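**Student:** This is the structure I want to talk about, given as structure tokens.
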Amino acid sequence: MYRSALVFFIILLFYSCKEQLNFDRGALKAANDSITHYYKNAQDNNLPLDDRLRFTNQALQSLENQKSDSLYLKLLYQKSWLQYSMGQYDSLIKSDRLLHDTANPTEAAAILGMQNYLMGYYFEQVAQKPDSAFQRFNRSRFYYKQTNDSSWIGKNLLNMANIQQTQSDFFGSKETLTEAIQYIEAGEDANTIASVYNSLGTNHRKLFNYTDALDYYLKAIKTSDEQAAISNYKNNLATVYIDLKSLDKARSILEAIAADSLDRPDARARVYDNLAYANWLSGRAVSANAFLEPLRLRKQEQDKRGLLASYTHLGEYYSKTQPQRAVSYLDSVIDLSKELKAPRAEYDALGFLMKLKPGNMGIRDRYIHLQDSLYKRELKVKTQFAKYKYDDRLKEESILRLEKENAQAELEATRERNYRYWLLAGVIGLVALIVLGFYTYQQRIKRLKAQNRADRLEASYATEAALSQRLHDDFGAGLHHVMLLVQSNADSGKILDELDKLYQQSRNFSREINAVDTGVNFKEALYAMLDQHKPEETRLLISGSKEVAWQSLSNVTKITLYKILRELFINMSKHSRAGLVTLNLKQHPDKLEIRYSDNGVGVDAALGFEKNGLLITEKRMEAIGGTITFESDRGKGFKAVISIPN
């Protein structure tokens, strides 16, 4: 009963988990579908900006618990861009802060590059904070450098150079633009490189390098393929000719531009104003409306920097005919320059005012003060921008160094892991080898034991066969002879003599097959056996016996040695007819070596040594791990070398 209840509970738990898993998968799919729906609508350019912002917020809310998702950062940038486009600048600052707090600088370099570029544009165009704009463009450049996006690196450098230019850091701007050229491919991004040439032309113009200014403006005109940009570059070219007093060339260029349909009001105002100024400088009759129309367009477009040019030109235009009106326009220049934080425009206006009011000491003092402060300010600006770039370079080097250290640490960790893996593999391999070696050793021991048993059994069978042969040849033949004597009624004394011989034979035979004395008297028993089996006329010489540690030999070794030497001596006494037998015993560190030699008739080596009982000796030696080798030839005696391991 309990087992049935347990099985039922497990089945119920399995289906419950399965249903929960299916529910979780379904919920996750639904959430992903909704996020995808919100994201696509947020990217839809056909929808109003407020609808796109609403979809962006909904997608962000759905990803609130998945901020590590790369889509979350993309949506934050999308939100920042929409807030900028809709003029929600306070919200833009908050979104920017949130994105930077969330993003990982190493993993989200592309998003951070776009975000900082957007914020640089905001600080330059909206907040009118050139320092902050420069820093953001510089930061954007740094992040785009991490992604190897050379085009956007060049664009950021171009914006940084333009900020330096508006802050009168013309030399610094030139350096930044020169760096930008290295990242911008003219064939792939012609309009950006044309913009770089235009900015270089403006820098050279401000530094009174008019020849270089003309060259760069002409390069910009030749490189660009945008008509509006080309018109702007031609206008800038004309201003250089105005500075050079080449007024006919300036008018020719400006009249050609004015004849084209200029779509942008600010572009029309710029061309019309410069054309009126060039005509006025050349001594032509110019109506006030020629200057007032560009002024109206600029007020309409809220082009404040363009208004500075219009007010300045009108001040010059009325300086001789209506001085008071000229002063009014020049005062407007001063007020607007303070608003735009453009002290050089105020400085130029004060120069004109001093000519109109030569006795006004306040204007003169302000002019002198501004002259000093401009020098200090421009020096400060140069130092400040250089510091921004230097600090950023230090930050970049720090991050690169940190990345290098992290890479090295990761490499060391990888090496450490690999070392551990190899060490573990080595240990496992060593253990496997030890196990395999032990197993192989055990199997070899088993095979050797089995082989030893087989060799012993074979030696035993061979010994039995030899004994049987000897019983048949010696004892059997003698017994048959006695039987013949009895049958022939031979003399009883002769019969008794023959029976005595058989008795002695049986005693000798019994001694041969009985157990060998392996105790302390082994050496004496061995020598007695050798002396017994040699013929009386044969001399036996034994050398080196004192060097042999007889007690260190095992019982099996003693028995084997005893029986092998006995076989050799039996064989010698029967067949060799030797007069001299020598045994040379030598104890080596790892083995006992015994050299047997006789001067008998020898054995024909070509016929082998299988006969005469010698095969038994080989089997016995193999059984104990030793060896025995024979050397002989007919008429040259017989030699044997016995080697027994310690």
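**Student:** What are the radius of gyration and Dmax of the stretch 136-203, computed over its Cα atoms and given in Å?
**Tutor:** 11.1, 32
**Student:** Not counting ligands, DNA or RNA, and with a 1.4 Å probe, what is Lys304's accessible surface area in Å² rounded to the nearest 10?
**Tutor:** 80 Å²
**Student:** Can you tell me how much longer the chain between Met86 and Gln300 gets when fully stretched, taken as 0.36 nm per residue apart minus their C-alpha distance, in nm with one decimal?
**Tutor:** Length gained, Met86 through Gln300: 75.0 nm.
**Student:** Using the Cα centre as the reference, give the magnitude of the dipole from point charges on the C-beta atoms of the stretch 155-290 (Lys, Arg: +1; Asp, Glu: -1; all else neutral), rounded to the nearest 20 debye.
**Tutor:** Charge dipole of the stretch 155-290: 540 debye, to the nearest 20.
**Student:** Using protein chains only and a probe of 1.4 angstrom, how many square angstrom of Asp131 are accessible, to the nearest 10?
**Tutor:** The accessible area of Asp131 comes to roughly 50 Å².
**Student:** Do any of Lys206/Lys245; Lys206/Lys341; Lys320/Lys341; Lys40/Lys94 go past 20 Å between their Cα atoms, and which?
**Tutor:** The answer is Lys320/Lys341; Lys40/Lys94.
**Student:** Moving on to the next point. Quick one: net charge of Tyr317's neighbours, Cβ under 12 Å, K/R +1, D/E -1?
**Tutor:** 0
**Student:** Another question, if that's okay. When the Karplus curve 6.51 cos²θ - 1.76 cosθ + 1.60 is applied with θ = phi - 60°, which whole-Hz ³J(HN,Hα) does each residue of the stretch 542-551 get, with x for Gly and Pro?
**Tutor:** 10, 10, x, 5, 5, 7, 7, 8, 4, 6
**Student:** How charged is the neighbourhood of Gln227? Take every other residue with its Cβ under 10 Å from the Cβ of Gln227, and add Lys/Arg as +1 and Asp/Glu as -1.
**Tutor:** -4
**Student:** OK, next. Using the Cα centre as the reference, give the magnitude of the dipole from point charges on the C-beta atoms of the stretch 45-87 (Lys, Arg: +1; Asp, Glu: -1; all else neutral), rounded to the nearest 20 debye.
**Tutor:** Charge dipole, the stretch 45-87, about its Cα centre: 80 debye, nearest 20.
**Student:** Kindly rank 276-285, 421-430 from highest to lowest mean number of other beta carbons found within 10 Å of each residue.
**Tutor:** The packing order, highest mean first, is 276-285, 421-430.
**Student:** To continue, here is another question. Put His369, His588 in order of accessible area, largest first, 1.4 Å probe: what do you get?
**Tutor:** His369, His588
**Student:** Rank by packing, highest mean first: peptides 570-581, 134-145, 263-274, with packing defined as the count of other Cβ atoms within 10 Å averaged across residues.
**Tutor:** Per-residue Cβ counts within 10 Å, averaged per peptide and sorted highest first, yield 134-145, 263-274, 570-581.
**Student:** Can you sort Ile181, Ile363, Ile434 by 1.4 Å-probe accessible area, starting with the largest?
**Tutor:** Ile434, Ile181, Ile363
**Student:** A further question on this structure: How would Thr582, Thr178 line up by accessible area, probe 1.4 Å, largest first?
**Tutor:** Descending accessible area places them as Thr178, Thr582.
**Student:** What does the highest-first list of 523-535, 232-244 look like by mean Cβ count within 10 Å?
**Tutor:** In decreasing order of mean packing, 523-535, 232-244 become 232-244, 523-535.
**Student:** Shifting gears a bit: With θ taken as phi - 60° and the coefficients 6.51, -1.76 and 1.60, list the Karplus ³J(HN,Hα) couplings across the stretch 580-595 in order, rounded to whole Hz; mark glycine and proline as x.
**Tutor:** After applying 6.51 cos²θ - 1.76 cosθ + 1.60, I find 9, 10, 10, 10, 10, 9, 9, 8, 9, x, 10, 7, 10, 10, 10, 10 Hz.
**Student:** Length gain on complete extension for the stretch Glu107 to Thr582, per 0.36 nm per residue less the alpha carbon to alpha carbon distance?
**Tutor:** Fully extending the segment from Glu107 to Thr582 adds 161.6 nm.
**Student:** Now, a different point. Farthest toward the dipole's positive end in the stretch 521-645, which of Gly626, Ser573, Tyr527, given Cβ charges of +1 (Lys, Arg) and -1 (Asp, Glu) about the Cα centre?
**Tutor:** Tyr527
**Student:** For the stretch 83-90, what does the Karplus curve 6.51 cos²θ - 1.76 cosθ + 1.60, with θ = phi - 60°, yield as ³J(HN,Hα) per residue in whole Hz, taken in order and with x for Gly and Pro?
**Tutor:** Listing the rounded values in order: 5, 5, 5, 8, x, 8, 6, 4 Hz.
The values are calculated or read from the model by the stated rules, or taken from the named source; none is laboratory data. Just so it is clear, the structure is predicted and the values come from calculations on it, not from any experiment. Note that we place each Cβ from the backbone using ideal geometry, even for glycine, and neighbour counts take in every protein chain shown. Note: accessible area is taken over every heavy atom of the protein model, side chains too, but ligands, DNA and RNA are not part of it. Shrake-Rupley method; radii C 1.70, N 1.55, O 1.52, S 1.80 Å.
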